[in-house]
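Below is one structure, written out as structure tokens; comments come after it.
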Amino acid sequence: MEISMNDHTSIHIQNLHKNFGKVQALKGVNLAVDSGQVFGLLGPNGAGKTTLIRLLIGATQPTSGNLSVLSLNPGKQKSALRQQIGYMPQSPALYEDLSPTDNIRFFGRAHHNGSLSKHVDEVLEFVGLSQRADDPVYKFSGGMKQRVSLACALVHQPKMLFLDEPTSGIDPKLREVFWEHFRELTATGVTIVVSTHQMDEALYCDKLAILHEGILLADDTPSNLLWNSRAKIKIWRGPEVSEHEVTNYPDALPGLLQKEGLDNAISRIEVEEDRLETIVLRMINKQIGEKNQGDRK
């Protein structure tokens, strides 16, 4: 499958494979990510999300295939790329005896930023830790450590941000704050690639890539995935109820009602749409079924 490139494409991935010994972590992935959007990598543990991020930041090399990030090859132009990207790992990689200020300054020095002190202050304010800037990190809660980790990834003002399960283990209120931060960043043109296995969080993304066992199952907007899902419709005519299952119910519903001959006796209509979780599980089960069928041949 060919992936079209344009002036707004920040990431281009073509037929990407990654093996660890006999284990195929990624199997022919094709993706394009536009600039200034939140691009979500969705899938269960072991789907290949972290492997894909590590390939995109140049932390590991592909077995085969092509990829570019900000028009750079992550494997061959790693130093140039890392000046333009930020990376927040799933587990905060912080020096717990140091303060947020010292942690952020340490990571910022790697990028040789001449305005480092100013940027440290700016990101501390951005993540809401200015009042705790000089406290040792070991005194912080898990959510506060995640904030420090995000600040470390932002201090050099990257054009692109890679976030591996950034809200894992934090409370819903802080998760909401994080997504407010992410939207503030994309409003300035920053591109964000975020991996998650949380379905409700995936709905915040502009576009989603659904992965399972290294295979790309879908690449679309959340609204399109939901729009083309199945819906169960129940129609009551007096005490009698008829049940129907349709795809893309906003378009299918008028025809269904015409077929039913909508009249005064119809007293109630219920529509039960698939949740994103149901859609993803259906894709995964279909892929597993096709794999099992292929193994039997």
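Worth a mention:
- Residue selection: Ile215 fails the criterion of being in contact (Cβ under 8 Å) with a residue 12 or more places away in the chain, under 21 Å from Tyr95 (Cα atoms) and not hydroxyl-bearing (Ser, Thr, Tyr).
- Residue list for the range 177-206, restricted to those being touching an Asp or Glu at 6+ places or on another chain (Cβ under 7 Å) and either surrounded by 18 or more Cβ atoms within 10 Å (Cβ to Cβ) or basic (Lys, Arg) (or both): Ser195, Thr196
- When Leu211 is tested against the conditions (1) more than 18 Å from Ala47 (Cα to Cα); (2) at pLDDT 90 or above, the lone failure is (1).
- For the range 176-229, the set of residues classified as assigned to a loop (DSSP other than H, G, I, E, B) and in contact with a helix residue (DSSP H, G or I) (Cβ under 6 Å, 6 or more places away or on another chain) consists of Leu203, Tyr204, Ser229, listed by residue number.
- Within the range 37-77, considering residues that are surrounded by 15 or more Cβ atoms within 10 Å (Cβ to Cβ) and among the basic types (Lys, Arg), the one nearest to Leu217 (Cα to Cα): Lys49
- From the options Val69, Val29, residue that is within 25 Å of the chain's Cα centre (by Cα), within 19 Å of Gly189 (Cβ to Cβ), of a type outside the set (Asp, Glu) and outside the structural domain of Thr196 (by TED's automatic domain parsing): Val69
- Taking the criterion of being modelled with pLDDT under 95 and among the β-branched types (Val, Ile, Thr), the only residue of the range 20-32 that qualifies is Val23.
- Test result for Lys118, among the charged types (D, E, K, R) and within 16 Å of Ala209 (Cα to Cα): no
The values are calculated or read from the model by the stated rules, or taken from the named source; none is laboratory data. As the structure is a computational prediction, the values presented were derived from the model and not from experiment. Note that we place each Cβ from the backbone using ideal geometry, even for glycine, and neighbour counts take in every protein chain shown.
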